[in-house]
1. Using each residue's phi in the range 263-276, evaluate 6.51 cos²θ - 1.76 cosθ + 1.60 at θ = phi - 60° and report the 3J(HN,Hα) Karplus result to the nearest Hz, with x for Gly and Pro.
2. At what distance in angstrom do the alpha carbon centres of the range 275-311 and the range 22-63 lie from each other?
3. Relative contact order of the range 162-311, please, whole-number percent, based on alpha carbon pairs below 8 angstrom and at least 6 residues apart.
4. Of V237, G181, L92, which is farthest towards the positive pole of the chain's charge dipole, taken about the Cα centre with +1 and -1 on the beta-carbons of Lys, Arg and Asp, Glu respectively?
5. Among the lysines, select those whose C-alpha is under 29 Å from the C-alpha of K308, and discard any that sit fewer than 8 residues away in the same chain.
6. Per-residue accessible area for S310 at 1.4 Å probe radius, Å² rounded to 10?
7. Cα-based Rg (one decimal) and Dmax (whole number) for the chain, in Å?
8. Amide H to amide H, which residues 5 or more places from E114 or on other chains are under 5 Å from it, using H placed in the peptide plane?
Amino acid sequence: MISLNRFKPSDTAADIVLALERDGYVIIENLAAPDLIARVTRELQPHIDAREPGFESMMGVLTRRFGRLLMRSTAVQDLLTEPLVLSVADLLLLPYCARYQVNYTGVMYIEPGETAQALHRDTGFYPIQNPAPPMLLASMWALTDFTAENGATRLVPGSRHWTDERAPTAEEIIVAEMPAGSVLLYVGNTFHGGGENRADSARYGLALHYSLGWLRQEENQYLAVPLEEARKLPKKVQELMGYALGTAALGFVDHQDPNEFLNGTAGDSAGDIYGGLRERDAEVQRLRIADADAVGRPYYDIPLPDDKLSG
C-alpha cells in the first residue's frame, strides 16, 4: 500500500501534527527547492564516494551510511532549520520538554540489490515502554525519488500507539513513495525500515532527527563537530546541537549558559543557568512511570508481497 498522509508546503503545521499524532507519519511533498537538494548532494558526494558499504543486515551490506552532517554540508544546516519542519517539531515535542535538540544526522544510500531492513522503532534505546508520548521526531529527506522498487522507507501506520507486545504484519505495512525534495516525518516509536532495492539505481535519503532536550542524543554532536567548527555555525544550529540549556538549570557549563560558554561571551562569573526557561519548565507535561519490566527491543523481518514492491 502506498502512503496516504500527503501534505503540501503551504499546509499548516497544526494539520500535519494531527496526522502525525494519529498515524505516526506524514509526507510533505517538494518541501526543499531543487537547488538546495543539488547543493546537499554536491557537498556530500565526496563522503559517499569514500564510504564503504556496511557489513550486517540491520545497517545494510549494500548501504553506505555516515553521519556528522552538520560539519560536512552547509546545505544540510538549511534542511535542519527548515521552518515548517521546526514548526511541526514545536507542536509535537514542546509539550514534553522546554527545548528539543538534534538527535541524529545521517545518510542512507541504499544501493541496488540491498535487502529490506528489519522494522524497528528509533526510540528503542530509551527504556520507556510503548505506547508513550512523542520523544523523537524523525525526518527523512528524499535526495532521489523514493519508489517501491528502489527501497522507499516502509512504515506501519498507527504503530506508535501499540504496546511492545504487538508485532506488525505484512498487510499493515505501507511504502513511503515521494519525489526528490520531499520529506517523510514520523514519530520515533513508529515501526519503520528501509526497503528492498530492486531497481538499478541507489535510493538516497538523509535523516535528521529531533528529540526531547532531556534525552541523551543518539549521535554525539559535541564530538561530531569540532569546537572550532561549532563556533562558526549559526546560533540556531548551535542550540539545536545541544549548545543551549535543555531546560532551567539543565546542561550548564561552569554555572554558565552553554551557548555563551561555547562562544566566549559568558564572562568570568557565574551566569544565568535558567535562561528564561522556568515558565516553560512549569508547563511541561511530565511523564508518570509507575513500574518497569524487561520487554525487549523488537525487530521484525517481514517480506512484502510482490504487489507492494511494484508500486
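1. Values, residue by residue: 9, x, 10, 7, x, 9, 9, 4, x, 7, 9, 9, x, x Hz.
2. 23
3. On the way: 83 pairs, mean separation 34.5, N = 150.
Relative contact order here is 23 percent.
4. V237
5. K8
6. About 70 Å², ignoring ligands and nucleic acids.
7. In order Rg, Dmax, the Cα atoms of the chain give 19.5, 66 Å.
8. Those lying under 5 Å, H to H, from E114 are N197.
The values are calculated or read from the model by the stated rules, or taken from the named source; none is laboratory data. Small disclaimer: the values here were computed from a predicted structure and weren't measured. Quick reminder, even Gly has a Cβ in these numbers, built from the backbone with ideal geometry, and neighbours come from all protein chains shown. Protein only, heavy atoms only, side chains kept; ligands, DNA and RNA dropped before computing areas. Shrake-Rupley method; radii C 1.70, N 1.55, O 1.52, S 1.80 Å.
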